[in-house]
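A.B. asks: I'd like to ask some things about the structure below.
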Amino acid sequence: MHRVLNREELLAVYDEQLEKMSPRERQQHLDRRLEKQIRFACKASSAVREMFDSAGMAPSSIRTVKDLERLPVTTRDDLAEMQRARPPFGGFLAVPLGSLDRVYVSPGPVYNVWGPERTLAQLRTFLRLGYPRFGDVVLVSTPFHMGPAGLGMTDALDRMGCTVVPAGAGQVELQVKLLHDLRATALLAFPSFAMAVLEKAEELGYDVRRDLNLRFVLGGGERNAQHLKKVFEEKYGLVVGDGYGTGDVGPVAYCCGRAEGYHYDDEACVVEIVDPDTGKQLGPQEVGQVVITLFSGIYPLVRFGTGDLASFTDEPCRCGRSAPRITGIKGMVGQHVRVKGIFVHQGELAEAMASFPQIIKYQMQVTLEEHKDRVALKIEVPSGVDREALAPAVNRRCQDVFKLRMDEIEFLPEGALSGSTERLADRRW
Ligand SMILES: [Zn+2]
């Protein structure tokens with residue numbers, strides 16, 4: 001178990017005033033730290049040095065966050081490839097392997113380095129929310145094998161002086177018993193699992209508000225998270241901690257509780273939202289890939305492409321923090337098309353189509369017509385369905401969900417699309 005941090009040490013991990021600098025001060029602060037981080041990364045990591053060499057750039061050419069876009073983005077696939085060529089960490093590791101706290105493995109496989117920096121980033125997320133607290137009994141009900149979900153949070157809770165029950169993700173009925181018998185105040189689980197535990201508690205005759213001591217659960221990380229967040233808050237009166245991070249880089253953004261979206265965690269990293277094709281930084285509300293440069297003395301990843309698509313806003317937030325906010329994760333890079341300047345993600349199309357149970361299968365097809373995008377939606381429906389009424393309703397729904405009007409809606413007989421699993425068919429290339 002890690003040593004519990006004292007009050008001064010906790011204050012050093014999380015300084016709220018630092019997060020409330022003016023946007024201009026924040027930018028300067030970030031630029032200064034980035035410049036230093038890049039100098040360090042080029043010295044300590046051969047992979048970063050080679051990245052600069054092959055771009056024909058000197059470390060000193062990165063002075064600001066804006067300068068980063070001159071460097072290539074390293075995707076997850078690139079990283080997996082680099083690690084295969086030069087195991088285990090592809091030339092990024094800046095310290096001896098034996099000095100690391102943890103090595104996690106994410107699909108690929110990709111090896112992920114976890115040191116005190118990531119643990120403190122997780123701790124900062126808890127401190128911002130105010131939960132869990134010193135002396136709390138906490139059920140960590142996320143998986144403990146390979147990835148950082150279970151052990152990563154446990155490491156942070158240890159530093160706060162919490163009592164951890166490493167419950168893992170399973171045995172719902174036993175989880176209810178643990179919550180009740182141990183008077184646990186926090187349940188750290190993926191939201192749908194937390195909901196399953198609470199529903200089981202009710203099924204067993206418990207009143208969650210009255211019979212349990214539960215105060216705090218986690219949101220985020222799942223497609224239906226926003227809906228569940230409301231239920232946790234309104235039905236059960238719980239505080240919901242929400243944030244965005246990945247198994248590769250750890251927590252990188254957090255919800256302040258005062259507005260939608262996740263503030264960039266400037267202490268942990270530099271966040272960019274970039275065009276997936278060109279790597280150039282995008283403006284507010286434009287959808288692009290989340291790209292992370294870690295502030296790390298251990299594993300200095302530079303411009304790591306998470307594979308997640310998102311947009312951001314720099315509108316002032318009621319909480320007074322100046323870091324921009326990621327406004328929702330829209331899906332994964334590679335499962336989208338850009339048509340008429342609008343990103344359409346496979347998940348958004350599925351969401352629109354889910355409103356119409358009579359649709360058996362569908363495919364959105366994008367073609368070029370005299371150098372212009374043309375978009376047709378092919379849908380399979382059983383005979384007898386009123387196609388004239390369905391077509392405009394489907395088109396309205398598409399515009400509601402992803403702001404794009406179909407040029408044509410074509411009805412196909414049942415079975416016509418059965419040979420294809422393609423939902424977004426880009427026929428322009
Ligand atoms: Zn805020």
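A.B. asks: Has the stretch 207-218 got at least one residue that is open to solvent by less than 70 Å² (accessible area, probe 1.4 Å), in a helix (DSSP H, G or I) and not hydroxyl-bearing (S, T, Y)?
C.D. replies: yes
A.B. asks: I'm told Y299 meets every condition in (1) within 15 Å of the ligand (Cβ to nearest atom); (2) buried (at least 21 other Cβ atoms within 10 Å of the Cβ) except one. Can you identify the failing condition by its number?
C.D. replies: It is condition (1) that Y299 fails.
A.B. asks: Shifting gears a bit: I'd like to verify a number: residues in the stretch 31-50 that are crowded, with 20+ Cβ neighbours inside 10 Å and either more than 14 Å from V65 (Cα to Cα) or in contact with a helix residue (DSSP H, G or I) (Cβ under 8 Å, 6 or more places away or on another chain) (or both), how many?
C.D. replies: So the count comes out to 7.
A.B. asks: Hey, can you tell me all the residues within the stretch 231-259 that are touching a residue at least 40 places away in the same chain (Cβ under 8 Å), away from the ligand (no atom under 16 Å from the Cβ) and either charged (D, E, K, R) or assigned to a loop (DSSP other than H, G, I, E, B) (or both)?
C.D. replies: Of everything in the stretch 231-259, those that are touching a residue at least 40 places away in the same chain (Cβ under 8 Å), away from the ligand (no atom under 16 Å from the Cβ) and either charged (D, E, K, R) or assigned to a loop (DSSP other than H, G, I, E, B) (or both) turn out to be G247, D248, V249.
A.B. asks: What are the residues in the stretch 314-345 that are part of a strand (DSSP E or B), closer than 16 Å to D265 by Cβ and within 16 Å of the ligand (Cβ to nearest atom), if any?
C.D. replies: R325, I326, T327
A.B. asks: Sticking with this structure for a sec: Name the one entry in R124, R133 that is surrounded by fewer than 22 Cβ atoms within 10 Å (Cβ to Cβ), basic (K, R) and assigned to a helix (DSSP H, G or I).
C.D. replies: Result: R124 is the single residue among R124, R133 that is surrounded by fewer than 22 Cβ atoms within 10 Å (Cβ to Cβ), basic (K, R) and assigned to a helix (DSSP H, G or I).
A.B. asks: Criterion first (closer than 17 Å to Y244 by Cα, without any contact (Cβ under 8 Å) to a residue 60 or more places away in the chain, buried (at least 22 other Cβ atoms within 10 Å of the Cβ) and within 16 Å of the ligand (Cβ to nearest atom)) does V271 satisfy it?
C.D. replies: In short, yes.
A.B. asks: To continue, here is another question. Is it true that A169 is under 24 Å from the mean Cα position of the chain (by Cα) and open to solvent by 30 Å² or more (accessible area, probe 1.4 Å)?
C.D. replies: When the stated conditions are applied, A169 passes them.
A.B. asks: Hey, another quick one. Tally time: how many residues in the stretch 149-178 are assigned to a loop (DSSP other than H, G, I, E, B) and farther than 14 Å from L218 by Cβ?
C.D. replies: Going through the stretch 149-178 one residue at a time, the tally reaches 6.
The values are calculated or read from the model by the stated rules, or taken from the named source; none is laboratory data. Since the model is a prediction, treat every value here as computed from it, not as a measurement. Here the Cβ is made from the backbone with ideal geometry for all residues, glycine too, and neighbour counts use every protein chain on show. The accessibility values were calculated without ligands, DNA or RNA, using every heavy atom of the protein model including side chains. Shrake-Rupley method; radii C 1.70, N 1.55, O 1.52, S 1.80 Å.
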